[in-house]
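One structure is given below, encoded as structure tokens.
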Amino acid sequence: KVDASVFSRGGRLLHVAPEASLARQFERYFDYISVDINPGRATMTMDVTDLQFPDETFDLIICNHVLEHVEDDRKALQELFAALKTDLTWVAQHTDLLSRANEWNTKGRDDGYLLRGSELKNAEICQS
């Protein structure tokens, strides 16, 4: 969940694998940069596991439905956190699932432990 006040603050926003409908909105409120591994889909072609930005460049990062497609998701998270300014908002739908999936994996993959239904299936995929 994002506090709507983030839009009034502005700042630099990195959008990974941008959705065009969201990009148009974000460009109105932020110094907006988008990256995608596929050329022509964003303002810059870049791999999320090798971001070419100085540390603490962005006030906000949006990374929706990306990490499940990245082979080295931990490296991607390291890159995203490094690019994010300290103590500001970071938005990624999969951070919670990834941390829960990692915990589930360390607890012996007990299907009754943390995850149910599609979350369990996604966790199995993340950890395979």
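The values are calculated or read from the model by the stated rules, or taken from the named source; none is laboratory data. All values derive from a computational prediction rather than experimental measurement. In this analysis, Cβ positions are derived from the backbone assuming ideal geometry, glycine residues included, and neighbour counts consider all displayed protein chains.
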Residues of region 7-59 classified as at pLDDT 95 or above, surrounded by fewer than 17 Cβ atoms within 10 Å (Cβ to Cβ) and either acidic (Asp, Glu) or over 23 Å from Val70 (Cα atoms) (or both), total:
2
Is it true that Thr89 is of a type outside the set (A, V, I, L, M, F, W, C), in a loop (DSSP other than H, G, I, E, B), within 14 Å of the chain's Cα centre (by Cα) and modelled with pLDDT under 85?
yes
How many residues are surrounded by 15 or more Cβ atoms within 10 Å (Cβ to Cβ) and within 10 Å of the chain's Cα centre (by Cα) when one looks only at region 60-72?
6
Filter region 30-49 down to the residues that are more than 15 Å from Ala20 (Cβ to Cβ), assigned to a loop (DSSP other than H, G, I, E, B) and in contact with an Asp or Glu (Cβ under 7 Å, 6 or more places away or on another chain) and list them by number.
Ile37, Val48, Thr49
Near pairs, Cβ below 7 angstrom, 6+ apart or cross-chain, from region 59-74 (without any contact (Cβ under 8 Å) to a residue 24 or more places away in the chain and assigned to a loop (DSSP other than H, G, I, E, B)) to any residue that is of a type outside the set (Phe, Trp, Tyr) and surrounded by fewer than 19 Cβ atoms within 10 Å (Cβ to Cβ)
Val70/Thr49; Asp72/Thr49
